[in-house]
Each structure stands twice: as C-alpha cells, then as structure tokens.
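K.L.:
Pasting a structure below so you can have a look.
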Amino acid sequence: MNVTDPIHLFRQSAKRWPLRAALQVEGRTITYQELDAWSNAIAHRVIGQGHAGERIAFVARKEAPSYAAILGIMKAGSAYVPLPPDGPTTRWTTMLQRAGVRALVGREQVDDLDGIDGGEQGTHAPPDMPTNGEAYVLFTSGSTGGPKGVSVGRANVAAYLEHQLAVNEFHSTDRFSQFFALTFDLSVHDLFVCWAVGGCLCVPTPSELMGAASYAREAGITVWFSVPSLVVLQQRLRTLNEGALPDVRIALFCGESLTWSVLRAFAAAAPNGRLINLYGPTEATIAIAAYEADRGSLGQEGVVPIGRTFRSTDGRIAGEELELCGPQLARGYVGDQEATDRAFRVEQGVRWYRTGDRVRMDDQDVLHFLGRTDDQLKIMGHRVEPAEVDAALAPLLGGTPVITLPREEGGAVRLYTFVQGVVDQPALMNELRRVLPSYMLPERILQVDRMPMTAHGKLDRRALLEQVEHG
Amino acid sequence: MDRTELAQQLRERLIHRAERLGLRAEEVGGSLDLVRSGLLDSLGFVDLITELEQVVGREVDLATAFDAPGATTFDGVLELFLRS
C-alpha cells in the first residue's frame, strides 16, 4: 500500500490519536475513533450491497454524515461523487448519468439509485479493500453544455499529499479550516491533509462561512485555506482587522488569482502566518504549484505569482500555455474519451495535460498566471464556462444568437447574457435556474437588435458590455 | 426607520433582479434566502447591506451579521438592522 494513500493516513491517525477530535461540525465534536468506526460501518454496507469499486454519490452537505460517507466510500474501494446540495436536481441527473452512478449514501431517495444507509450503527471492523482505484469524480463547468466529470485516482491524491506533508509542517495540534464546498477539489486538501497529521477539521455552517474571519478566530483556526474571494468578503464585512487572526500559522490560497492587495490585508490580520499561493486545475489534483510570499515583498501591486511546480510535476510552456505531466494528472473526463484525448496527450510515452492557462516564467523560474487561452473564468473559485450558459438556453432560443460574457464589478466577476431579438427574460431565467447552479446564473439577460461586430468581422464584446452600463 | 419602511427599501433594491430571475414580487420577502436563491452572491449581499446602511444612516454589526440562523433571508436582513 502506498504510504500516502489518503485512507491509510487517516487510519494511522485514528490508531495513534483515537480520542482526539477529527471533526468539529454543527456544534458536534467527533473523535478519530468515532469517525473511523462510522466510516467502517458505511464501507461494510457499500460492500454488502454490491457496490465496492463503483462510483457512489452523496449529497455534499457540510454535515457530519458527509465526512463519514467520503471515508466510508473510499474504504470500500469505491469513488465518491459529491452532488451539490443546492442542486439543481436536473444537474444531479446529468452528473449521475455521466458518472454511471448506481448507488447513493444518505437519506435522499433518487430514482434508479440503490440507497445506502449513512448512519453510525453497524459493523465497525475495517474492511480490507484495494487502494489503487479511483478516489472521486468531481464535476466542473463544461464549454459544450452540461457539467464535465474529472476522474481522480487515489494515487493522484497520494502524490499530492506526499508533497504537502513533505514541504509544510502541519501538526496534530493544528486546527484546519474547511471552507471549501465538498464538490470542490480543494476540499480534498482540507480533509486529507488534516487527517493525515491528526489535526481537527473545523467546518463552519453556511452563515459562519460568510463571516469566515470571525469563525476562524473563535474556532482557533491555525491553518487557513480559502479562495481569495473569501478574504475580499471579510474585508467588506470589516472583520479582517489588523491582528484579528493571531492563531493562523499557515495561510493557503487557491482557486482564483490572488492580488497583492488582498494578500497584504490578510497578512496584517494574520501576523504569524506563512502566506502561500497555490495553483492547480482539478485535472492535476488539487494544486501543482506554490509560491510562498515573503512578508518583505508585500508592498507589490498586481497578481501574486503561482510559483514553482511541485517536485514530482514537470511543467512546460507551449506558446504561452502551461502543460503539465506527473503523478498528479487525473485519469480523464468520465464518459468523454474525446475530451480526455484532447486535454491529455501522450508524447513519447509521457502523458501531458494542457491546462488552458497562459503563464510566463521569470528569470527565477517562478510562474506567473496571465489568463486563459479560452473563455473559462472563476466565480468565487468556481470554474465557469460562459458557453455552458449559452448551451443551457439554446433549446429555448431555437437558433437565436446568444452569448454570455463576464464583467468585472467592484472586485467580483458577474455574467451577462445577450440575446438577439425579443425574448421572455423571466422565462429564460427560470430555465437557467432549473439547470444551472446559482453561481452560474447571469446577472441579467439583455436583448440586442443584432450582435455588434468589429471591423474584422468578430463579435464586438466591448460594445455588448457597454450596453450593461447603459441599461 | 421602522420595519415596514425598511422592508420597502429592501424590496425596492431586490425587485428588479427578482423579476429577471423569474420570481414574483410577492415571493420577495419573509424566508426567501437572498443568497441561496441565486438572487445575490455573497459579495452582492454585503454590498446590499452597506447600501442599506447609507439609507438608514448607521452601520450595523457586520461581524455578527451572519451569526443568526436565516441571516441571509429577507427577514434576516430586517432583523440585522432592527437589532443594531
């Protein structure tokens, strides 16, 4: 067994510190011993109902049963497929079909799925299942319509953990934030780095998450990990005051571009914290590059570099696009071999992933993020392909030209959808609410007489966005 | 500013966006969660609070704004201002 297999590491901690808190959620503290036993019980049920080695879904609420479900599913040698708790359920259906899911752990009843009890009672002996399979399937926005499932192996996660545990001194006394949604691969870092070292995973309620700085202070968080947007939100809430987070000793950021001004504000609030900017697409398992900011360099403006790739990862720049290879590269997209072959290419026996991210390397071999080669963007850390909004509207528009564009507004990115001709905006928005998560909904749908073109015959995006200002 | 006036101010700021989202005017109120419904994102929600602060002429305790259950609902926003 790989020594950095996530389940192996959890079990080691459970054996070493059985009575320590593994999880604090909804006012409840769960010890390693309790979480180990609970997840063993789920694993036995998964195996007993004939779903070992399959993909198993659960509704990813940030509640105790979800954490036990993740461990239980993986202990059964299966892969977990987290469903966004806010739906929409039509999106669940697409995800479940694309991933070929046949069972769900938890209390929800979903058509055609075998229900597996996620309760604490039952057999508590650890099952002995293979650990070299798939760990999870996470869905991101897809440009050709509908979500795209990334299949990540346990060996991929093990490679990530091996790096993190080697370069950062996480301790069993650390209290880790769990700010990321469980549908987001950065949550895998939260859970398994914490449990690898015997730490306590601190899960805020949705309302506590909005006030993350206050929560972190009260919960005694020592390892902070968030998207930069969460820091911006704390600034707006006037809670990111100087010295407000004295316990934070490691602060990690990922999922979006981190600006020096946001990092400066966080550094002042967390005077004892190391400041690390991580970078990586879901397809390369959580993160593959890091830049640790020196407190002496905080006076800069612009965007913080994404740093150097991890030791086990090789990166190269083709044109301006970053391409990656190494043990963290995911298996591919579920049910979409064509997209997998397009993004993951084998050259002379080496598999390379095209990130779609434009970068430059400076003379210190430090990578700087420049933007995307396509239209993909990040909204509160979520990957969004504006074309997915257009694809969702296409069946209602019957060939009418439509385009969704991003617009920067007061530090946040918002989407605007432009449709040629007269349309029923509430009806279109209702349809979008039915099929898209809330963070992908456009701020407005605007009607245009005809799509403006540039002198070169291309769509004039600037002219369209100017219409937002003019109402 | 009393509860009725405050509710009116809040509704005025939400109504157009709600209509675009396909929500009926009478649905904008009570336990409607302004963030989970997709009406606002979290930054938009905080912007709404600060805009209301200017209208009301005083600051609320944003540090504890989200402590109460249902803080991001229509009624939750009213409570935030009424208790500050």
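No value in this document is a laboratory result; all are computed from the given coordinates. Small disclaimer: the values here were computed from a predicted structure and weren't measured. Neighbour counts run over all protein chains shown; Cβ positions are idealised from the backbone, glycine included.
K.L.:
Place a label point 7 angstrom from the Cα of A:GLN121 along the Cα-to-Cβ direction, then list the residues of region A:44-84 whose backbone nitrogen is under 20 Å away.
P.N.:
A:44-49, A:64-66, A:68-69, A:72
K.L.:
On a C-alpha basis, how far is the centre of region B:4-22 from the centre of region B:46-84 in Å? Whole number, if you could?
P.N.:
One Cα centre to the other: 15 Å.
K.L.:
Order the peptides A:227-234, A:22-29 from the highest to the lowest mean number of other Cβ atoms within 10 Å of their residues. Write out the running numbers ahead of the final one.
P.N.:
Values: A:227-234: 24.5, A:22-29: 16.0.
Averaged packing, sorted descending, gives the order A:227-234, A:22-29.
K.L.:
Additional query: Just how large is the dipole of region A:386-471 about the Cα centre, in debye to the nearest 20, putting +1 at every Lys and Arg Cβ and -1 at every Asp and Glu Cβ? Walk me through the numbers on the way to the answer.
P.N.:
Working: 9 positive and 11 negative charges, 20 e Å.
Dipole about the Cα centre, nearest 20: 100 debye.
K.L.:
Let me ask something else about it. For A:ILE7, A:ILE221, which order do you get if you count the other beta carbons within 10 Å of each Cβ and list the fewest first?
P.N.:
A:ILE7, A:ILE221
K.L.:
Further question: Please say if the protein assembly as shown is rounded, prolate or oblate, where rounded means a/c under 1.5 for a ≥ b ≥ c the square roots of the C-alpha gyration tensor eigenvalues, and otherwise the choice is prolate for a/b larger than b/c and oblate otherwise? Each step should come with its number before you reach the end.
P.N.:
Numbers: a/c = 1.34, a/b = 1.23, b/c = 1.09.
Taking the square roots of the gyration eigenvalues as a ≥ b ≥ c, the protein assembly as shown is rounded.
K.L.:
Now a separate question. Take the Cβ-Cβ distance between B:GLU51 and B:GLU5 as r, set R0 to 25 Å, and report the resulting FRET efficiency rounded to the nearest 0.05. Mind showing how you got there, number by number?
P.N.:
Working: r = 15 Å, r/R0 = 0.61.
Computed FRET efficiency for B:GLU51 and B:GLU5: 0.95.
K.L.:
Then there's this: What FRET efficiency comes out for the pair A:ASP111/A:THR205, r = Cβ-Cβ distance, R0 = 25 Å, nearest 0.05? Let's see the in-between values first.
P.N.:
Details: r = 30 Å, r/R0 = 1.20.
According to the calculation, E is roughly 0.25.
K.L.:
Given B:ALA18, B:LEU34, B:ILE49, which one lies farthest toward the positive end of the charge dipole of region B:3-83, if we put +1 on the Cβ of every Lys and Arg and -1 on the Cβ of every Asp and Glu?
P.N.:
In region B:3-83, that residue is B:ALA18.
K.L.:
Per-residue Cβ counts within 10 Å, from other chains only, averaged over A:233-240: what number is that?
P.N.:
Details: counts 5, 3, 1, 8, 10, 7, 4, 0.
Neighbouring Cβ atoms belonging to other protein chains average 5 per residue here.
K.L.:
Separate question: With the Cα gyration tensor of region A:347-420 giving a ≥ b ≥ c as the square roots of its eigenvalues, does the rule (a/c under 1.5 for rounded; else a/b larger than b/c for prolate; else oblate) give rounded, prolate or oblate?
P.N.:
Details: a/c = 3.39, a/b = 1.67, b/c = 2.03.
In terms of gyration-tensor shape, oblate.
K.L.:
Here's another thing I want to ask about it. For A:GLU108, what charge total do you get from the other residues with a beta carbon under 15 Å from its beta carbon, if Lys and Arg give +1 and Asp and Glu give -1? Could you put the intermediate results ahead of the total?
P.N.:
Working: positive: A:ARG61, A:ARG91, A:ARG102, A:ARG107; negative: A:GLU63, A:ASP86, A:ASP111, A:ASP112, A:ASP114, A:ASP117.
Summing Lys/Arg as +1 and Asp/Glu as -1 gives -2.
K.L.:
Antiparallel DSSP bridges in the protein assembly as shown: what percent, to the nearest 5?
P.N.:
If I count the DSSP bridges inside the protein assembly as shown, around 60 percent turn out antiparallel.
K.L.:
With point charges of +1 on the Cβ of Lys and Arg and -1 on the Cβ of Asp and Glu, referenced to the Cα centre of region A:6-309, which listed residue (A:LEU298, A:GLN33, A:TRP195) lies farthest in the positive direction of the dipole?
P.N.:
The residue sitting most towards the positive pole is A:LEU298.
K.L.:
So, in nm, how far is label B:GLU59 from label A:THR90 when the simple model puts each one 7 Å beyond its Cα toward the Cβ?
P.N.:
So the two model labels end up 4.4 nm from each other.
K.L.:
Per the helix-only calculation at 222 nm, which mean residue ellipticity applies to chain A, given -39500 (n - 2.57) for every DSSP H run of n ≥ 4 and division by its residues, nearest 500 deg cm²/dmol? Mind dumping the intermediate values first?
P.N.:
Values: 14 runs with 148 residues, N = 471.
For chain A, the value works out to -9500 deg cm²/dmol.
K.L.:
Take A:VAL3 and A:GLN420, extend 7 Å from each Cα along the Cα→Cβ direction, and tell me the distance between the two endpoints in nm.
P.N.:
Output for this residue pair reads 6.3 nm.
K.L.:
What is region A:385-469 by shape, rounded, prolate or oblate, if you read a ≥ b ≥ c off the alpha carbon gyration tensor as root eigenvalues and call it rounded for a/c under 1.5, prolate for a/b larger than b/c, and oblate otherwise?
P.N.:
Numbers: a/c = 1.80, a/b = 1.17, b/c = 1.54.
Oblate.
K.L.:
OK, next. Suppose every Lys and Arg Cβ carries +1 and every Asp and Glu Cβ carries -1, with no other charges. What dipole size does the protein assembly as shown come out with about its Cα centre, to the nearest 20 debye? Please report the intermediate quantities before stating the final value.
P.N.:
Numbers: 55 positive and 71 negative charges, 151 e Å.
Using only the charged Cβ atoms, the result is roughly 720 debye.
K.L.:
Based on the alpha-carbon set only, what is the convex hull volume of region A:294-351 divided per residue, in Å³? Display every interim value, and only then the final one.
P.N.:
Working: hull volume 8.3 nm³, N = 58.
Taking the convex hull of the Cα positions in region A:294-351, it is 143 Å³ per residue.
K.L.:
What is the list of residues in region A:256-287 whose amide nitrogen lies under 17 Å from a point 7 angstrom out from the Cα of A:LEU465, following Cα to Cβ?
P.N.:
Under 17 Å, as judged by backbone N against the label point of A:LEU465, lie A:257 of region A:256-287.
K.L.:
Moving on to the next point. Excluding residues fewer than 8 places away in the same chain, name every one of the lysines whose C-alpha is closer than 30 Å to that of A:LYS378.
P.N.:
A:LYS62, A:LYS148, A:LYS458
K.L.:
Tell me, in nm to one decimal, what length is gained between A:LYS458 and A:GLU408 on full extension, where the rule is 0.36 nm per residue of separation less the Cα-Cα distance? Mind dumping the intermediate values first?
P.N.:
On the way: separation 50, 0.36 × 50 = 18.00 nm, distance 2.17 nm.
Gain in length upon complete extension: 15.8 nm.
K.L.:
Could you size up the charge dipole of chain B around its Cα centre, putting +1 on the beta carbon of Lys and Arg and -1 on that of Asp and Glu, and report it in debye to the nearest 20?
P.N.:
Numbers: 9 positive and 16 negative charges, 39 e Å.
Its charge dipole is roughly 180 debye.
K.L.:
Further, regarding this structure: Between A:ARG28 and A:GLN447, with labels modelled 7 Å along Cα→Cβ, what's the label distance in nm to one decimal, could you check?
P.N.:
Taking the simple label geometry, A:ARG28 and A:GLN447 are separated by 5.2 nm.
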